[in-house]
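Working notes, beginning with the structure itself.
The values are calculated or read from the model by the stated rules, or taken from the named source; none is laboratory data. Computed from a prediction, not measured in an experiment: that's the story for all the values here. Don't worry about glycine lacking a Cβ; one is built from the backbone with ideal geometry, like all the others, and counts go over all protein chains shown.
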Ligand code: F0G
C-alpha cells in the first residue's frame, strides 16, 4: 500500500511571519492576555478556529466570478438550493450571513421563554441564542465524552436516557426541538453515529418533538461514520449525509466549516410552515430570502464547496492531517482528547497544568504559553468560554478544560503540524515551572471569551 498524499496541489501561497519571544510577550500584554485581541500579523500559525479560515479551490474561485448578484431570484441561489437539496434532502433553503445568524432566525420562530432545548453539548453561540431568549440548553451528551482517554468511537452521541428524562420532565410545549450537533465541537470534534441519530429520531417521534441538526461539520461527521460504523464502509459520504439528514426536520449551517467558504450560512428545512415564518425573520435580520446576507458569488462558491467537502478523498486528507498532529502529541506524552476529533486536537489543560487552579483558567494559561513559545494561537474551550450561570452569575466550571488547536481546511502542511507538535512538547517539558494563571479584569455579560480582559494572577 502506498502512503497517503493530499488530493490537491497548491496554486497560490500567502506568506506568514515569525516573531521573537520578546515581541510576543509585549503583544500579549497589549492584547490583555486575550488571544482574540492579537493582530493576525502577530501570529505565525493560526489555530484559533477552522471557521472561515480554509482555502477555496480553483473551481470555487471560478464559480465566484460567475455569481449572479440579482437582489431576488439569483441564479446562484438556485444553484445553492439545488445543491443543498441534493446533499441534505431538505427542499426549503434560507441563506444567512453565517451559522449564528441561522440560529437567530430559526430560534426566533421556534424558541420562547421557559423552553428547554436538549442536545449534545451545544456550541456557545447556539447556547447564547437559547439563553438570550430565556430558555435553557440541556446537555445530554454521553458520559464517555468527558473522559479524554475513553476510546469510544462516537463520543458526540446523545445519551438516550438523559434525553428521555428531559422529554418526561417537561411539557411538550416547552421542548421546541432536540438539537444534534454534528460533529460535536464542544466535546472535541467528536462524531455522532448514524445509529444514535436514528434512535434520537425514534425517541423524539414517540414524544412528538422535532429534531434539528447543527450541521457545521456534517461532512466530517459522515466521514467518521463511514470509517467507524459497522456496515458503512462501502457507502459514499453523500449517501451517508442523505440518510443522516433524513432523520431531521431541518438544519442550521455555518458554511464557514464544511461549506469550504470564508463566510456564509443557511437554514434548510422540510416544513413549509416553519420556512414561511423563518422567511419573515430572514428579511428583517439578514436580507431577502434568496440571498440572506450573502453575495451571489459567495453562494456560488458555497454550492461548489459543499460538493467538494462531501468527497471521500478530500475528507481523508483533512481528517488524516488532524490525526497526524494528534498522534505526534500523543507520542510526546501530551494529554489530548482521544480519539482525535475531526477539526481540531484538544489538549487537556487540567492534566497538562495541574499547578494552575481552575479559578486561574488553566486552558487559557496553556494557550498563552503556547503563543509565547512559538507564535501559535489556539483557543480556550474551558471556563472562560462556559460563561457564568445566567441566574446565579457564578462561574460555570465545565467537566473539561481544553485548549483547542483547530486546523483550517487545506491551509497548512504537515511541516506546520510538526512545528506545532514540537512547540506544544516544549511547553510540556517546562510545565512544572508554570505555576501562575490569569484573573479577569473586565468581562461582558455573555459570550465573554471574545472580549474578556485578563491579567497575570
Ligand atoms: N455551530 C457550531 C457547532 C459551531 O462550531 C459554530 C461556530 C457555529 C454553530 C456558529 O457558526 O461562526 O458561522 O456563526 N464555530 C466557530 C468555532 C466559531 O471556532 O468553532 P458561525
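Remarks
- Out of 305, 292, sole residue that is under 23 Å from the mean Cα position of the chain (by Cα), within 20 Å of residue 69 (Cα to Cα), within 16 Å of the ligand (Cβ to nearest atom) and not in a loop (DSSP other than H, G, I, E, B): 305
- Helices (runs of 4 or more DSSP H) contained in segment 188-267 and holding at least 3 residues under 22 Å from residue 54 (Cβ atoms): 218-228, 237-246
- Within segment 119-146, residues that are farther than 16 Å from residue 385 by Cα sit with their Cβ atoms under 6 Å from residues that are in a strand (DSSP E or B) and within 14 Å of the ligand (Cβ to nearest atom), at 6+ positions apart or across chains, in these pairs: 119/179; 120/141; 120/181; 120/184.
- For segment 315-328, a residue qualifies if it is buried (at least 22 other Cβ atoms within 10 Å of the Cβ) and either over 30 Å from residue 232 (Cβ atoms) or touching a residue at least 60 places away in the same chain (Cβ under 8 Å) (or both), and the qualifying residues are 315, 318, 322, 325.
- Among the residues of segment 102-145, those that are surrounded by fewer than 19 Cβ atoms within 10 Å (Cβ to Cβ) and at positive phi comprise 114, 134.
- Qualifying residue in segment 260-268 (condition: modelled with pLDDT of 95 or more and surrounded by fewer than 21 Cβ atoms within 10 Å (Cβ to Cβ)): yes
- Residues (in contact with a helix residue (DSSP H, G or I) (Cβ under 9 Å, 6 or more places away or on another chain) and over 30 Å from residue 346 (Cα atoms)) located in segment 45-59: 59
- The lone exception for residue 26 - which of (1) without any contact (Cβ under 8 Å) to a residue 24 or more places away in the chain; (2) over 25 Å from residue 453 (Cβ atoms) it fails: (2)
- Within segment 248-289, tally of residues that are near the ligand (Cβ under 10 Å from one of its atoms) and in contact (Cβ under 8 Å) with a residue 60 or more places away in the chain: 9
- Given (1) on the phi < 0 side of the Ramachandran plot; (2) modelled with pLDDT of 95 or more, index of the condition residue 2 fails: (2)
- Residue match in segment 121-144 (condition: in contact with a strand residue (DSSP E or B) (Cβ under 6 Å, 6 or more places away or on another chain), assigned to a strand (DSSP E or B) and within 16 Å of the ligand (Cβ to nearest atom)): yes
- Unique residue being within 16 Å of the ligand (Cβ to nearest atom) and not assigned by TED's automatic domain parsing to the domain that holds residue 225 when the list is 383, 365, 411: 411
- Extreme residue, surrounded by the most Cβ atoms within 10 Å (Cβ to Cβ), among residues of segment 22-36 that are within 16 Å of the ligand (Cβ to nearest atom) and assigned to a helix (DSSP H, G or I): 35
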